[in-house]
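Just so you know, all these numbers are worked out from the coordinates, no wet-lab data involved. Model, not experiment: these values are computed from the prediction. Every residue, glycine among them, receives a Cβ derived from its backbone with ideal geometry; neighbour counts consider all protein chains shown.
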Amino acid sequence: MTSLELQGTRLLVTGACGGLGRAICVAAARAGASRIALAGRDEERLHALKASLLEEAATRSRTTAADGEGDNNGLSLSVHVYDQTVPAQNIALVQNVYQTMGGIDVLVCNAGITRDKMAKNLTPEAWQEVVDVNLSGPFFQSQTAIKLSTGAPAAPTAPNWTSTSAAAATATASPVQAVPLLAATAAPHKLQRIIFITSIIGHTGNLGQANYAASKAGLTGLAKTLALECARSHVTVNCIAPGFIETPMTEAMPEAARAQVRERIPLKRLGRPEEVAQAALFLMQAGYITGQTLHVNGGLAMQ
C-alpha cells in the first residue's frame, strides 16, 4: 500500500450495506481498491451496493477514456451473506473471501447491532446477541485473517461451535460455508490492516446500552492486544470510534432526542458517514499507527 492511495488493495468490509459500511466501501473504491468483499446479512441490499459501486466505477472510467467507453476501472466485488452470531460462519466468511480474492490486505469489522434496555431489564438473550455480533464476531474474523496471513490452520478446534443467542437459534441456514484452504505449498498473502468500528458509547457509556457499551469497549481492548501480538508481522490494528452519525440507527431516534444530541456536540451537528470513511482510509494508509482509537465525534468526547 502506498501512502497516497489504495491501488490494488483487497478489502473485506462487514456490515457493508449499513450507513458506515457503505460509505467505507464507496471511499475505498474511489481510492483505487481493486477488490472489495461486501459482507452482511441482507443479500438484496448487498447486491444493490455492488451494482451501485460498479456503475460508479464505470462512470469514472468513461469520463477518462478517450473513446468514451468505460469498464469497471479494474474493480472486482463479491457478495457474502452470513450470520455474525455464529462463530463458524465468521470463520468461513474470512476463509471464503481469502480464497475468492487471493488474500486480504485490510479487514474492516464494521457490523454491529443494538438491543437497548436499562441494565436491570436486559434479558440474557439481548445481552448475548449484542456481544456475539459486536465483539465475538470481530474476534473470530480477525483471528482467522491472522491465521491465514501467517499460514497457520484457520479451522477452529470445535468446528460446530454455535451461538447461544436466540437470533442464532432461530436463524435459517446461511449460504456461507467453509471452503478448502490454500494448498500448504502456497505462500500466504500477508494481512496489513485490521480496523474495528467501535463507538463513542464504548468510552462514555450510555443509559440503556449496557450490552452495546460493553461490547464496543471490549473491541478497544481486543485491538490493543492484537496490535501487540501482530506488530512483529507488521500488521496494524486500530479502532475508529464514531460519535452520533447520520445513519439509520440515529435516524430512528425521536427528533427531540436528536436535537438534544446536536446541542451537546461542540460542532453542533451530527457527523456524516463519509467522515468516518475518511478516517478509515487514513488508517488503511497509516503504517506506523497501531493499538489506537481514532475518535470521530465532533468534539462530543475528547480523549
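A straight line joining the Cα centroids of region 70-136 and region 228-293 runs 18 Å. For the residue pairs Lys190/Lys216; Lys117/Lys216; Lys147/Lys224, the alpha carbons lie more than 20 Å apart in Lys190/Lys216. Here the Karplus relation 6.51 cos²θ - 1.76 cosθ + 1.60, evaluated at θ = phi - 60°, turns the backbone of region 232-246 into coupling constants of 5, 9, 6, 9, 9, 10, 9, 10, 10, 10, x, x, 8, 10, 6 Hz, with x for every Gly and Pro.
Tell me, what is the FRET efficiency for Glu125 and Leu228 to the nearest 0.05, using R0 = 35 angstrom and their Cβ-Cβ distance as r? Intermediate values should be presented prior to the final figure.
On the way: r = 34 Å, r/R0 = 0.96.
It comes to 0.55.
Our coupling estimate for region 277-289, obtained by passing each phi through the Karplus curve with A = 6.51, B = -1.76, C = 1.60 and θ = phi - 60°, is 4, 4, 5, 5, 4, 4, 5, 4, 9, 8, x, 10, 10 Hz, Gly and Pro reported as x. Taking H as built 1.01 Å from N, whose amide H comes closer than 5 Å to the amide H of Ile245, not counting residues under 5 places away? Amide H neighbours of Ile245: Gly271.
Within a 10 angstrom radius of the beta carbon, how do Ile240, Ile265 rank from fewest other beta carbons to most? The partial results should precede the final answer.
Numbers: Ile240 24, Ile265 17.
In increasing order of surrounding Cβ atoms, one gets Ile265, Ile240.
Phi angles across region 131-144 convert, under the Karplus curve 6.51 cos²θ - 1.76 cosθ + 1.60 with θ = phi - 60°, into 3J(HN,Hα) values of 5, 4, 6, 7, 10, 5, x, x, 4, 5, 5, 5, 4, 5 Hz, Gly and Pro given as x.
Just to confirm a number: summing +1 for Lys and Arg and -1 for Asp and Glu over residues other than Cys17 whose beta-carbon lies under 11 angstrom from that of Cys17, what do you get? Before the final figure, lay out the partial values.
Working: positive: Arg22, Arg41, Arg45, Lys50; negative: Asp42, Glu43, Glu44.
Residues close to Cys17 contribute a combined charge of +1.
What ranking of Met101, Met118 emerges when the number of other C-beta atoms within 10 Å of each C-beta is taken as an exposure proxy, fewest first? Could you put the intermediate results ahead of the total?
Values: Met101 19, Met118 10.
Ordered by Cβ neighbours within 10 Å, fewest first: Met118, Met101.
Packing, taken as the mean count of other beta carbons within 10 Å per residue, orders the peptides 228-239, 6-17 from highest to lowest as 6-17, 228-239.
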